[in-house]
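Structure first, then comments.
The values are calculated or read from the model by the stated rules, or taken from the named source; none is laboratory data. Predicted model, so just to flag it, every value in this text is computed and none were measured. Cβ placement follows ideal geometry from the backbone for every residue including glycine, while neighbour counts extend to all protein chains displayed. Just so you know, the surface numbers come from the protein's heavy atoms only, side chains and all, with ligands and any DNA or RNA stripped out. Shrake-Rupley method; radii C 1.70, N 1.55, O 1.52, S 1.80 Å.
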Amino acid sequence: MDWRTWHDQYDHPSSWMARRLEAVQTQIRAALAGFPSGPLRVISLCAGQGRDLLEVLADHPRRDDVRARLVELDQRNTAFAEEMARSAGLDHVEVVTADASLTDQYRGMVPADLVLVCGVFGNIADEDIERTIDSCAQLCRTGGTVIWTRHRAAPDRVPLICEWFKVRGFELQWLSDRDAGLGVGVHRFTGEPQPLVPGMNMFTFIGYDVLRQAKAQAGGA
């Protein structure tokens, strides 16, 4: 999968990716507006080109309150994000080209007010989804928000993801409709943040294309 050209679908308003981006951005705006006044910390795992957050911050009333770190492995995507941040004058946005699965990338930024886990859960194995959700207790402050995405193709893991968040002290705030054809969820952390475990790998990014191929091969075996 070419993760640079994958983002081109955002430029087609009728695509499911554009619709998902709009849903995520709406929830980011709502989360930022709902936080108490003062500085805010935001982290984004597997941030891609950062359009979800950066396009919101560009004209959001709280843009100057936000210090953000976007972590993405593809240098072409981080270059895009850096240019977008510079063009919008977002001086407190840091774009890091690195493996977003490693907890070390978030030192100094957690527990965060807003944690974005978008474009992750559809590209990793189920056990890694659960481990990443478990790690969110290290990444998110009490009262903070996690926004996540996951496709709704069979097997639909969205209900299970919601349950995994629930048992770890995250209250569901919003979930996209089942018939929307995409999954976007928002959870608020009611527990106590756990210390960040250094050197921990939260997930292995496989790619939805590889996962889909493996599933097809297993079905034909």
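General remarks:
- For region 177-198, the set of residues classified as under 22 Å from residue 156 (Cα atoms), open to solvent by 100 Å² or more (accessible area, probe 1.4 Å) and touching a residue at least 12 places away in the same chain (Cβ under 8 Å) consists of 178 only.
- Neighbours by Cβ (under 6 Å, 6+ apart or cross-chain): first from region 79-102, under 13 Å from residue 51 (Cβ atoms); second among the charged types (D, E, K, R) and not in a strand (DSSP E or B): 95/82
- Inspection of region 154-165 finds a residue satisfying the criterion of being touching a Phe, Trp or Tyr at 6+ places or on another chain (Cβ under 9 Å), in contact (Cβ under 8 Å) with a residue 40 or more places away in the chain, closer than 16 Å to residue 116 by Cα and assigned to a helix (DSSP H, G or I).
- Residue that is surrounded by the fewest Cβ atoms within 10 Å (Cβ to Cβ) [pool: residues in region 105-163 that are more than 15 Å from the chain's Cα centre (by Cα) and of a type in the set (Asp, Glu)]: 127
- Residues that are under 23 Å from residue 21 (Cβ atoms) and either part of a loop (DSSP other than H, G, I, E, B) or without any contact (Cβ under 8 Å) to a residue 60 or more places away in the chain (or both) within region 199-209 comprise 203, 205, 206, 207, listed in sequence order.
- Residue 122 vs. criteria over 21 Å from residue 92 (Cα atoms), touching a strand residue (DSSP E or B) at 6+ places or on another chain (Cβ under 6 Å), in contact (Cβ under 8 Å) with a residue 40 or more places away in the chain and not in a loop (DSSP other than H, G, I, E, B): yes
- Restricting attention to region 75-103, the residues that are assigned to a helix (DSSP H, G or I) and open to solvent by 60 Å² or more (accessible area, probe 1.4 Å) total 7.
- Total residues in region 33-74, condition buried (at least 22 other Cβ atoms within 10 Å of the Cβ), of a type in the set (A, V, I, L, M) and out of contact with any helix residue (DSSP H, G or I) (no Cβ under 7 Å at 6 or more places or on another chain): 1
- Taken over region 167-180, the residue count meeting the criterion of being farther than 16 Å from residue 139 by Cα and under 18 Å from the mean Cα position of the chain (by Cα) is 5.
- With respect to the conditions (1) β-branched (Val, Ile, Thr); (2) assigned to a helix (DSSP H, G or I); (3) over 21 Å from residue 168 (Cα atoms), residue 132 falls short on a single one, namely (3).
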